[in-house]
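Step one of this worksheet: look at the structure below.
The values are calculated or read from the model by the stated rules, or taken from the named source; none is laboratory data. From a predicted model like this one, the values you see are computed outputs, not experimental measurements. For neighbour counting, all protein chains shown are included, and Cβ atoms are generated from backbone atoms with ideal geometry for every residue, glycine included. SASA here: full protein model, heavy atoms, side chains in, ligands and nucleic acids out. Shrake-Rupley method; radii C 1.70, N 1.55, O 1.52, S 1.80 Å.
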Amino acid sequence: MREPGVLLAIDAGGSHTRAVVVSADADCLGYGASTGGNATAVGADRALAALAEAASTALTTAALGPEAVGQVVLAAAGEEYLLNERTVTQALAVPAAEYTRASDILAMYHSSAVEPAGVALVAGTGAVAGRFRNLVTERRVDGTGWLLGDRGSGFWIGRKIVRAVAADLDEAGEPTELTRLVVEELGLEPAQGDRSALLAALVSWAYNGQPVRLARLAPLAFRAEATDEQAAAITAEAELALARTLRLVRDGHDELPVVLGGSVVVQGVLRPGRPSGGALKRELAGADVRTAHDGVAGAAIVGLLHSNAVVDSDTLARLTRSIDELRAASS
């Protein structure tokens, strides 16, 4: 009789893809990482390559081959038809494995909570919130991508930044400290003092690549917000948008735990030392708030729950600890 095999759990985000190999008793045996695996953002071919690279590294770390995988969980944003069961399992060389597709927001929730009902807000490259009960999404707000939504996300902030900088360089808008920061971040080097050349270089960078790479600039707004009015206006508007998204998804269920994830929330809006009193902090007042580094532990928890395993806070803590140990060893 064939052994049930290990669980291969993958968290495919807009900027990073992470994979873990997990045993039936929730120990992480292997860890791997690669570039963004959101097919809507980077295209199906690049996404599948990122998934395969992260999974291969995780299996190699675990000293296992694809034949040892009995279950695959893919937690991903983006259009599901771009990464369907057939293409994913073929790319991973595990066509016979049991396959589960989970939302990235559900995986983020279960990376920091085992309660069957709760809420998560994630703002990294994109932005989305969800309310869940027993692995079922009861309410989802935003997560509509860089073109239609993702309000308050890294991309959304980055687009605001480049618009402000372009207007400054074109002398059609207010001067902003963001201009210097963007020029330094992107390494733009036109002729000294030539604003038109700087603008041309910025335009070329912005249009010659995937739109979501504008998210790279989001930290600059938080860096400049204390001294620059335009940066402060951008971060305040982003925080307000995220607070509204969270309020809509909670919809009166204020007793549920709230898991926060993504660099814009954790390292930006709610970073330690940032002045208090913003819209998101007011929305979270009195809530049971937790944070999650990423969704890979939650993707594994989703797989364990689908296998009818008993998952409690000790299980999550042990899994998270073993993932962190292998993550640290790989860096």
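The table below lists the values:
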item: Criterion: modelled with pLDDT of 95 or more and surrounded by fewer than 24 Cβ atoms within 10 Å (Cβ to Cβ) - qualifying residue of 121, 106; result: 106
item: Near pairs, Cβ below 6 angstrom, 6+ apart or cross-chain, from the range 280-302 (under 12 Å from residue 265 (Cα atoms)) to any residue that is of a type in the set (A, V, I, L, M) and open to solvent by 10 Å² or more (accessible area, probe 1.4 Å); result: 291/266; 292/108
item: Residue list for the range 288-329, filter: of a type in the set (S, T, N, Q), open to solvent by 50 Å² or more (accessible area, probe 1.4 Å) and either touching a strand residue (DSSP E or B) at 6+ places or on another chain (Cβ under 6 Å) or not in a helix (DSSP H, G or I) (or both); result: 291, 307, 308
item: Among the candidates 147, 198, residue that is open to solvent by 70 Å² or more (accessible area, probe 1.4 Å), in a helix (DSSP H, G or I), at pLDDT below 95 and of a type in the set (A, V, I, L, M); result: 147
item: From the options 138, 184, residue that is surrounded by fewer than 22 Cβ atoms within 10 Å (Cβ to Cβ) and outside any helix (DSSP H, G or I); result: 138
item: Restricting the range 201-254 to residues that are touching a helix residue (DSSP H, G or I) at 6+ places or on another chain (Cβ under 6 Å) and free of Cβ contacts under 8 Å to residues at least 24 places away in the same chain, the residue that is nearest to residue 136 (Cα to Cα); result: 225
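Okay, residues lined up against (1) under 20 Å from the mean Cα position of the chain (by Cα); (2) small (Gly, Ala, Ser); (3) over 25 Å from residue 310 (Cα atoms):
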| position | (1), (2), (3) |
| --- | --- |
| 94 | no, no, yes |
| 131 | yes, no, no |
| 139 | yes, no, yes |
| 160 | yes, no, yes |
| 163 | no, no, yes |
| 166 | no, yes, yes |
| 175 | no, no, yes |
